[in-house]
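The structure under discussion is supplied below as structure tokens; questions concerning it will follow.
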Amino acid sequence: MKPTAIFSILSVIFISIFTVNLSAATVNLEVSVSNPFLIANQEQSIFLKVGLTGLDLGEERRTPANVSIVLDRSGSMDGEKMARAKEAASIAISMLDDRDIVSIVTYSDTVSVLVPATRVSDRNYIQSRIETVFADGSTALFAGVSKGADEVSKFLEQNSVNRVILLSDGLANIGPDSPRALGSLGESLKRSGVSVTTIGLGLGYNEDLMVQLAQQSDGNHAFVENYNDLTRIFRYEFQDILSVVAQDVKIEINCPEGIVPLRILGRDAEIIGNKVYTSISQIYSNQEKYLLVELTVPSSQAGSRMNVADVKIDYSDMKSKRSNQLSGRTTVEFTKSEETVEKAVDKETVIDAVKQISAEASEEAIILRDEGKVEEAQALLKENTDYLFGAASALESEELMILGDINVLDMEAIEDDAEWNESRKRMKASSYEIQSQQSYSD
């Protein structure tokens, strides 16, 4: 996205939203479009939002977990890092019960299965095994993740949450070590129904590799600079795992002739003609996952109404243990009144779009900085900062104001080599959190 394109959303900031809500056993579908009213006799760009929010199943009916905790025990993990990692893993085990399957894998030069995949009926034994882990050697990260996935595959079930949780503080230096290789592994695991959460500890790990692995498997990612935050991150992660209400979610958007899908925000998706296809691995209770699509709507006469999208959702319902479907439709009406259009603005949807466009700009700034184009990267972040503050003012959004303040810090750090490593990791993690609608970090 060109820097000037960052401001394109401001042309549709004062567009309202028409919303359709449809509830099923475990998922609420909200389909919204940038307004029920568009200015007559003009072609316009608007945003369609497809939001999916999980309902609360309750503790008694929660989905069983099938999890492998994969711990880096290379030499750089020695001392306080290893102590905090073992503590976090042990606390995570305390959150599980005999409905769940867990395995513990460690890796350095080689990979060890400390606890083979087993039902969590004896927490004390599993926690005692975690206490035996010590740090030594190099980082066979690819092999560690692969072995964790092998353990998960032993009890792989559609009606369980199947996940690998990877912790690493260093660079992969034994076996495949590129973001592409780990991304391919993540993509393969997603196809088999397994997601990977990656937790980068300290300032020595490869954030591109870790984010690719999480992204391609539709998992979470966290940057943990302070070792003492590990326990908090593990708690958030396992709260997610224990609140899954739907899996294998397929989204199909069908736009009528004349409505053109231009681009996707917030999720990888495929545009084929006037149709959009994407998928989401999991929906959590009381959390929203969404897809934003920018649409071009042709002109029409005042007083006319137009259908802009039909949405179809297929998913595995973790409450009923069966496939379920949802559908929704949105329409717009054309008017000559600019006041009618402006009064109906849906701030929440526009704020989501602003956040997604801002995250894309941050990703582009990282690429420019990596290419040595420091001034261009700074200029892009300056435009992004102005964009965020302008949108924050127009939409009265404290959230966007905070993102603008953070963007200022990124802009200042981008020219300082000493600060760039930390700032880059934080920017990558923040962008991924926004793009994937990850919600477990503060």
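What follows is calculated from the coordinates using simple rules that are stated; it is not laboratory data. Here the structure is a predicted model, which means the values were calculated and not measured. Note: ideal-geometry Cβ built from the backbone for every residue, glycine included; neighbour counts use all protein chains shown.
Just the Cα atoms of region 318-367, one point each, no solvent: what log10 I(q)/I(0) does Debye give at q = 0.20, 0.21, 0.29 Å⁻¹?
-0.86, -0.87, -1.08
For region 281-343, what value does the Rg/Rh ratio take when both radii are computed over Cα atoms and Rh is the Kirkwood radius, given to two decimals?
The Rg/Rh ratio comes out at 1.13.
Relative contact order for the chain using alpha-carbon pairs under 8 Å, separation at least 6, rounded to a whole percent?
Relative CO of the chain lands at 21 percent.
Viscosity 1.002 mPa s, temperature 20 °C: give me the Stokes-Einstein translational D for region 201-309 in µm²/s, with Rh taken as the Kirkwood radius over C-alpha pairs.
125 µm²/s
Please report Rg (one decimal) and Dmax (integer) in Å for the Cα set of region 348-435.
12.3, 38
Another one. Between region 69-146 and region 194-230, what is the C-alpha centre distance in whole Å?
16 Å
Kirkwood Rh, Cα Rg: Rg to Rh for region 63-242?
0.92
Here is a further query. Can you give me the angle between helix 179-191 and the longest principal axis of the chain, using Cα atoms only, in degrees from 0 to 90, rounded to the nearest 10?
80 degrees
Sticking with this structure for a sec: From the residues Tyr277, Pro256, Ile313, which one has its Cα farthest along the dipole of region 230-327 in the positive direction, the dipole being from +1 and -1 charges on Cβ of Lys/Arg and Asp/Glu about the Cα centre?
After comparing all options, I get Ile313.
I would also like to ask the following. Sorted from fewest to most neighbouring beta carbons within 10 Å, what does the list Ser358, Ser397 look like?
Sorted ascending by nearby Cβ count, the order is Ser397, Ser358.
On C-alpha positions alone, give me the angle between the axis of helix 141-153 and the longest principal axis of the chain, in degrees, nearest 10.
Its long axis makes an angle of about 90 degrees.
Any idea what the dipole of region 273-324 comes to, in debye rounded to 20, about its Cα centre with Lys/Arg Cβ at +1 and Asp/Glu Cβ at -1?
220 debye
Can you give me the Cα centroid spacing of region 302-362 and region 147-193 in angstrom?
34 Å
Still on this structure: Would you indicate which of [x] 22.8; [y] 20.5; [z] 25.1 is the value of mean projected area of the Cα convex hull in nm² derived from the coordinates of this structure?
Answer label, from the structure shown: [y].
Moving to a separate point now. Using the alpha-carbon atoms, what tilt in degrees (0 to 90, nearest 10) does helix 398-413 show relative to the longest principal axis of the chain?
60 degrees
Where in the chain lies the longest segment free of trypsin sites (Lys or Arg not before Pro) that are both loop residues by DSSP (not H, G, I, E, B) and have at most 16 other Cβ atoms within 10 Å?
155-320
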